[in-house]
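Engineer: Quick one: the structure is below, and I'll ask about it shortly.
Taken together, the values in this text are just the output of simple stated rules run on the coordinates, not laboratory data. Note that this is a predicted model, so its numbers are computed, not measured. Quick reminder, even Gly has a Cβ in these numbers, built from the backbone with ideal geometry, and neighbours come from all protein chains shown.
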Amino acid sequence: MTLLRIKNLSCRIGQVPILHDVGLSLEAGRIAGIIGESGCGKSMTAHAITRLLPPGSQANGTLLLDKTDILTASEAEMCALRGKTVSMIFQEPMTALNPVKTIGDQVAEAIMIHKDIPRSEAMAQTRATLDRVDIPADRFPLTRYPHEISGGQRQRVCIAMAIALRPKLLIADEPTTALDVTTQAGILNLLARLVREDGMGLLMISHDLAIMHGMADHIHIIQKGRVVENGPTRHLFRHMKHPCSRALLAAGTHRPDRKVKVCETPLLTVENVTRTYTLPRTGFRVKPGLFRAVDGVSFSIRKGESLGIVGESGCGKSTLARAILGLENTQAGEIRLGKEAVFTGKRPNRAVRRKMQVVFQDPYGSFNPRHKVARLVSEPFHLLDTHPADASDQVARALAAVGLTPEDADKYPHEFSGGQRQRIAIARALIIRPQLIILDEAVSALDISVRARILELLAHLSETHGLTYLFISHDLSVVRSITDRVLVMQLGKIVEEGPTEQIFDAPQHPYTRSLIAAAPQLPGNAT
Amino acid sequence: MPRSKNLIPGAVLTAFFTALALISFVYTPHDHTTVDIVNRFRKPLGGDFLLGTDHFGRDILSMIMVGARISIAVAVVAVGVGMVAGVPIGLAAAANKGGILDELIMRVNDLVFAFPSLVIAILITAVFGPGAFNAIIAIGIFNIPVFARLTRGAALSLWQRDYILAARVAGKGPVRISAEHILPNIANLLIVQGTTQFSLGIIAEAGLSYVGLGTQPPAPSWGRMLADSQTMILFAPHMALFPGLAIVFTVLGLNLMGDALRDILDPRIRRDAR
Amino acid sequence: MPANVPVMLRYALLRLQSLVLSLFAASVVIFLTVEVVPGDPAVFMLGINAQEDTLAALRAELGLDQPPWQRYFSWAGGLLTGDLGTSYTYRTPVAEMVADRLRISLPLATYALVLGTLIAFPAGILAATRRGSAADTSVMGLTQCGIAIPNFWFAMLIILVFSINLRWFPAGGFPGWEDPFTAIKALTLPAIALALPQASILARVMRSALLDTLGEDYIRTARAKGLTRRQVLWRHALRNALIPVLTIIGLQFTFLIAGGIIIEQVFFLPGLGRLIFQAISQRDMIVVESVVMLLVFAVIVVNFAVDLAYAWIDPRLRTAR
């Protein structure tokens, strides 16, 4: 019988309509997916089911969960339902747990709030539930605090909390977006296993088509608060009709067209570079430990090449990028651009710095909010010995090159969307005509369709401006689409290196293999 | 721009007492130091004296006007001392995060924090004798770690931003980054805290003058007027009422304005409103 | 939890290290200000017209013929053993005088702190949980006024109302602890006056800390488990909101000490405040020095206690520094 039935659901916050006529149904033991870009209303749908909507919002329509009419139930009935019949897990495992309570107490609370059993019995059930989500007793006693375990483990604790009472419906709102790809694969496997074992329904919400393709039985694509297309997964991917969903799929499998002219001369040479950090003192009179963030890394980039560095968070790839830019001191090794060292003595070499620029991940934090675009874009002129006389012309040309207009120079950054801001960041990188641009997760925060256009722009600029790229990302599909050669980093070391296609089609190192196996695949992407 | 219901009353009260202080330079109803035994303990609204007279027959309104000048001057200079010394210290500590300079600055800060402004005033008075200058120094020293900590905390979170990294990639040094990118982005926070410290300064000055560690006679001060009135509170309650109300309304005005500025300037609240 | 004890102990030791450092630095600062900056303390204490043989006698008595660093160590050594020196004017040990006065000042500060917290917590919680309601508006309005009223003026007003007009409480003075009831009665108005601004600030901090906490992700998680709003508040939000509130309580103790000195003047209470003002007017630097050191010692120790309370509330602090 149908576990969850949503018909004509409309929601609004204050006077702003968020959802229009959303319909959805889910059987026990099945997985339904909701896909859409940020701000489309997919999370609102999930929150409407548990009626945990933000204050001032209103929902209309029919929302039946296991015979209960959610929209008319009393708050007391909802409290009895939440955690017992319907549970939720969220995107950010780092903040989803109370930092001052042990993981055992938090999972046990989910049990004791609904069942009148002694604490010892609840603790025993907690232990059993944590074992089910692979949080074993020997490494994770119940007395652990959230800050003592990793992000993936915290998400497992959240899942344990959600499934402790074997609910009929589990809602997972972007459950793996904040996690690394191998951790993500583990969490997705766990969710699939729990659905199978408990026969519960799972409603998955994600922006990632590839994840949904691997998980869901039935997919709903939401755009601007409306379900634009839905159907069984296999059928949907084969016969997409709505232009919006087709565009979404196309953007996900998009590969910009690149004409590569690689010279043999190396532009950037990194030799045996090591960066260590002193760890904070762990206690009274304890000698502080050392952490090798980058450990004896060597590679080179040829002129005109696009080199990718992939690795999971904490592998040292961003530290390496900063060392190349001369922002971090290195303890050993040398970094040279052309024939000149990035560091001469202890100070960064200005002549070298002029030849490289960077684009960062966060399109919101990349600009001083009090400066106009003209001032932001012209900031790298500081590296020149004299401020150029035609600075404003150069700004206009750089803006034009990234697809913005010269008039945009007079605006403030908050007047632009995320994608446009990333274009401004690229304009800032272009302005002093560098030879090398380091892209540190430059498209990771963007929606998939915006990301495709930025990648297209980057491919175009490398031709017109003769640029060399160092592309750093955790996202394998992005790296695959825009690089010629790839380095794989793990724990500060490069474990594998080779031409992009070769690495992806025939990975040699076990870590590379696990990374590629863990990455969800879209049908068009699978060879 | 978001509006705040506190802005208008706050601004009106602050403007009123500032005006009172400024007018006192050119005009007061009576000379605030003239002793006139015949007219002592006059009740308010009695003839010549709008707010009455004190035990020496001095006009209370005139004393309040001149007292406003002193209270505001002491508080402004004290907050100024705190900002001028504290903000650069905080910026330097943030730019040097985890370094020896940062550690040293924060240690000294903690130490100064252990001396309440009244205790500083007691020490200074014990050694150099009482005076309004003591109050300025005592409140000023107390304000330094307040601004240093606030600046350091806010600057530290800004140093994590990518635009600081971008500025470093453009070859800018810590001093230039602090001046160009950090200071303008914490200016709002400093203004809001400045208003709060200003109102605390008014209360602290009144307290110090009340116990005799601040402004000395014959200069009038709200705190000293209250001290004088205490033994006569039974038969001349107006002597205690008006200076007290002057303090309350000045501080209230500043606090309301601080709250309003926080609502208007705080980027976090502004983002929520958008 | 026994597993946490060594961690807590290690944290406490680290904090204790900085406590000792702070106390040392503070004592040096006080010593320098009082005994070195004025030049010859003997001249300072007796005035410039003093006879040379009286000056010599005082110098010998205070050991002023020794170099400053030796004097510092004998003073600091005395502090460690509880010997605060002998008052020059009263010829009695300072430690005895201070102990006597502390029997008023300490209960007063504690009374005010307890009173302030008892008012502030419920008011702040009420305002935060009913944000935007009439209760919230009135709490915010009242606290706004409470902050603006100087405590010594408020003290005068409540003397006028409750002592002079209603005759419920004495207007000043202290009868001693022989009868605890009258003693507490004598301290009630001073404690109320002292607590008013503290309670106002604390209530506002409590409100905003709770509002911040209630917006956290883990509150949403707890609601998704099936906890009611009230359960979420008591089990999850309050303990986290206590972290910023504790900071303010620690800071307020500093203000309570300063405020206490002023309030003792208003109510003619023979506490530390009056002792120090007498000492200043009599230029009894031994007393000034020791009482100031005692006040600073109190602030530093209270902040140490607040640091420990943090670690008790927030397990993250036990491992990080």
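Engineer: Below 8 Å, C-alpha to C-alpha, sequence gap of six or more: please give me the relative contact order for chain B in percent.
Structural biologist: Taking the mean separation of contacting Cα pairs over the length of chain B, I get 27 percent.
Engineer: Need one number: nm distance between label points at residue A:10 and residue C:43, each 7 Å from Cα along Cα→Cβ, rounded to one decimal.
Structural biologist: So the label points at residue A:10 and residue C:43 sit 9.1 nm apart.
Engineer: How much net charge surrounds residue A:19 when only other residues with a Cβ under 13 Å from its Cβ are counted (Lys, Arg +1; Asp, Glu -1)?
Structural biologist: Around residue A:19, the charge tally is +4.
Engineer: Follow-up question, since we're still on this one. Determine ³J(HN,Hα), in whole Hz, for all residues of region A:229-242 in sequence, where each value follows from phi through the Karplus function 6.51 cos²θ - 1.76 cosθ + 1.60 and θ = phi - 60°; x replaces Gly and Pro.
Structural biologist: With coefficients 6.51, -1.76 and 1.60, one gets 7, 8, x, x, 3, 4, 5, 4, 5, 7, 10, 6, 9, 5 Hz.
Engineer: Sticking with this structure for a sec: Which residue, chosen from A:254, A:41, A:87, occupies the Cα position most advanced towards the positive end of the dipole of chain A, where the dipole is computed from +1 (Lys, Arg) and -1 (Asp, Glu) charges on Cβ about the Cα centre?
Structural biologist: A:254
Engineer: Also, I was wondering about something else. So what is the 222 nm mean residue ellipticity for chain C from helices alone, if each DSSP H run of at least 4 adds -39500 (n - 2.57) and you divide by all residues, rounding to the nearest 500 deg cm²/dmol?
Structural biologist: It comes out at -24500 deg cm²/dmol, rounded to the nearest 500.
Engineer: In whole Å, how far is the Cα centre of region A:83-152 from that of region B:48-101?
Structural biologist: Rounded to whole Å, the Cα centres lie 53 Å apart.
Engineer: Further question: Using only Cα atoms, locate the centre of region B:218-233 and the centre of region A:370-439, then give the distance between them in Å, rounded to an integer.
Structural biologist: 63 Å
Engineer: Let me ask something else about it. Find the Rg to Rh ratio for chain A, where Rh is the Kirkwood radius over alpha-carbon pairs and Rg uses the same atoms.
Structural biologist: 1.00
Engineer: Between C:115, C:21, C:269, find the one with the highest GNM mean-square fluctuation for chain C; connect C-alpha pairs within less than 10 Å.
Structural biologist: In this elastic network of chain C, the residue with the biggest mean-square fluctuation among C:115, C:21, C:269 is C:21.
Engineer: While we're here: Grab the beta carbon distance between residue C:164 and residue C:83, set R0 = 45 Å, and tell me the FRET efficiency rounded to 0.05.
Structural biologist: 0.55
Engineer: Moving on. In a solvent-free Debye calculation with one equal scatterer on each Cα, what is log10 I(q)/I(0) for region A:188-233 at q = 0.16 Å⁻¹, listed in the order of the q values?
Structural biologist: For the requested q values the scattering log ratios are -0.47.
Engineer: Something else: Can you sort B:157, C:200 by how many other beta carbons sit within 10 Å, fewest first?
Structural biologist: Going from least to most buried by this count: B:157, C:200.
Engineer: Just tell me which aspartates and glutamates come within less than 17 Å, Cα to Cα, of residue A:339; anything on the same chain fewer than 8 places away is out.
Structural biologist: A:264, A:271
Engineer: Let me ask something additional. Compute a Gaussian network model of chain B, connecting alpha carbons closer than 10 Å, and tell me which residue from B:258, B:52, B:173 fluctuates the most.
Structural biologist: Comparing B:258, B:52, B:173 in the GNM, the peak value goes to B:173.
Engineer: Using 7 Å Cα-to-Cβ label points, what is the residue C:57/residue A:182 separation (nm, one decimal)?
Structural biologist: About 8.6 nm, to one decimal.
Engineer: Taking the square root of 5 times each eigenvalue of the Cα gyration tensor, what semi-axes in Å does the equivalent ellipsoid of region B:45-198 have, largest first?
Structural biologist: The three semi-axes for region B:45-198 are 41, 19, 10 Å.
Engineer: Can you check what the Kirkwood hydrodynamic radius comes to for region B:139-274, Cα pairs only, in Å to one decimal?
Structural biologist: 17.9 Å
Engineer: Take peptides A:236-243, A:466-473 and line them up by average Cβ neighbours within 10 Å, highest first, as a rough protection proxy.
Structural biologist: A:466-473, A:236-243
Engineer: When Lys and Arg each count +1 and Asp and Glu each count -1, what net charge do the other residues less than 15 Å away from residue B:244, Cβ to Cβ, add up to?
Structural biologist: -2
Engineer: Can I ask one more? Sum -39500 (n - 2.57) across every DSSP H segment of at least 4 residues in chain A, then divide by the residue count to get the 222 nm mean residue ellipticity, nearest 500.
Structural biologist: Mean residue ellipticity at 222 nm (helix-derived): -10000 deg cm²/dmol.
Engineer: Distance check, please: which entries in B:5/B:43; A:42/C:225; A:42/A:241 exceed 32 angstrom between their Cα atoms?
Structural biologist: Pairs exceeding 32 Å: B:5/B:43.
Engineer: Let me check I've understood the local charge: for residue A:315, count other residues with C-beta under 15 angstrom from its C-beta, Lys and Arg +1, Asp and Glu -1. What total comes out?
Structural biologist: My count for the surroundings of residue A:315 gives -3.
Engineer: Residue by residue through C:260-269, how many Cβ atoms from other chains fall within 10 Å of the Cβ on average?
Structural biologist: 3
Engineer: Across 20 Å bins from 0, what is the distribution of all Cα-Cα pair distances for the protein assembly as shown, in whole percents?
Structural biologist: 10, 33, 34, 19, 4, 0
Engineer: Another one. Counting other C-beta atoms within 10 Å, which of C:10, C:223 has the fewest, and how do the rest follow?
Structural biologist: Neighbour counts put them in this order, fewest first: C:10, C:223.
Engineer: Could you bin all the Cα-Cα distances of region A:206-300 into 5 Å bins starting at 0 and give me the percent of pairs in each, rounded to whole numbers?
Structural biologist: Final binned percentages: 3, 9, 13, 11, 6, 5, 7, 9, 10, 15, 8, 3, 1, 0.
Engineer: Please express the Cα-Cα pair-distance distribution P(r) of chain B as a list of whole percents, one per 5 Å bin, running from 0 to the bin with the greatest distance.
Structural biologist: Pairs per bin, as whole percents: 1, 6, 11, 13, 14, 13, 12, 9, 7, 5, 3, 2, 1, 1, 0, 0.
Engineer: Any idea what log10 I(q)/I(0) is at q = 0.11, 0.17, 0.25 Å⁻¹ for region C:23-97, Debye with uniform C-alpha scatterers and no solvent?
Structural biologist: Relative scattering, expressed as log10 I(q)/I(0), comes to -0.29, -0.71, -1.36.
Engineer: Turning to a different aspect of this structure: Enter the mean number of other protein chain beta carbons within 10 Å of the beta carbon of each residue in A:145-153, as an integer.
Structural biologist: Other-chain Cβ atoms within 10 Å of each residue's Cβ, averaged: 2.
Engineer: First measure r as the distance between the Cβ atoms of residue C:21 and residue B:5, then evaluate 1/(1 + (r/R0)^6) with R0 = 60 Å and state the FRET efficiency to the nearest 0.05.
Structural biologist: After rounding, the FRET efficiency stands at 0.80.
Engineer: While we're here: In whole angstrom, how far apart do the alpha carbon centroids of region C:251-273 and region C:149-167 sit?
Structural biologist: Using only Cα atoms, the two centres lie 16 Å from each other.
Engineer: Round to the nearest 10 and give me the degree value, 0 to 90, for the angle of helix A:151-163's Cα axis relative to the longest principal axis of chain A.
Structural biologist: 10 degrees
Engineer: Next question, about the same structure. Let me confirm one metric for peptide B:118-131, namely the mean number of other chain beta-carbon atoms within 10 Å of its residues' beta-carbons.
Structural biologist: Mean shielding by partner chains, rounded to a whole number: 6.
Engineer: Okay, moving on. Tell me the label-point distance for the pair residue C:268, residue A:131, using the 7 Å Cα-to-Cβ offset, in nm and rounded to one decimal.
Structural biologist: Going by the 7 Å Cα→Cβ label model, 7.6 nm.
Engineer: Taking all pairs of different Cα atoms in region C:97-281, averaging 1/r and flipping that mean, what Kirkwood radius in angstroms comes out?
Structural biologist: 17.9 Å
Engineer: A further question follows. Nearest 10 degrees is fine. How inclined is helix A:448-465 to the longest principal axis of chain A, computing both from alpha carbons?
Structural biologist: The helix A:448-465 is inclined about 10 degrees to chain A.
Engineer: Still on this structure, please answer the following. Using Cα springs under 10 Å in a Gaussian network model of chain C, which residue among C:186, C:56, C:76 shows the largest mean-square fluctuation?
Structural biologist: Per the Cα network of chain C with a 10 Å cutoff, C:56 tops the list.
Engineer: Measure nothing fancy, just the Cα-based angle from helix C:5-31's long axis to the longest principal axis of chain C, in degrees from 0 to 90, nearest 10.
Structural biologist: It works out to around 40 degrees.
Engineer: Using the Cα gyration tensor of chain C, with a ≥ b ≥ c the square roots of its eigenvalues, what is the shape: rounded (a/c below 1.5), prolate (a/b larger than b/c) or oblate (neither)?
Structural biologist: oblate
Engineer: Let me ask something else. Show me the helices of chain B, taken as full DSSP H stretches, that run 15 Å or more along their long axis by Cα and average 0.0 or above in Kyte-Doolittle hydropathy.
Structural biologist: B:7-26, B:60-95, B:100-113, B:117-128, B:132-159, B:183-210, B:237-265
Engineer: Can you pull out the chymotrypsin sites (Phe, Trp or Tyr not before Pro) in region B:191-241 that DSSP calls coil and that have at most 11 other Cβ atoms within 10 Å?
Structural biologist: B:235
Engineer: Of A:158, A:40, C:145, how do they rank once you tally other Cβ atoms within 10 Å and put the fewest first?
Structural biologist: Neighbour counts put them in this order, fewest first: C:145, A:40, A:158.
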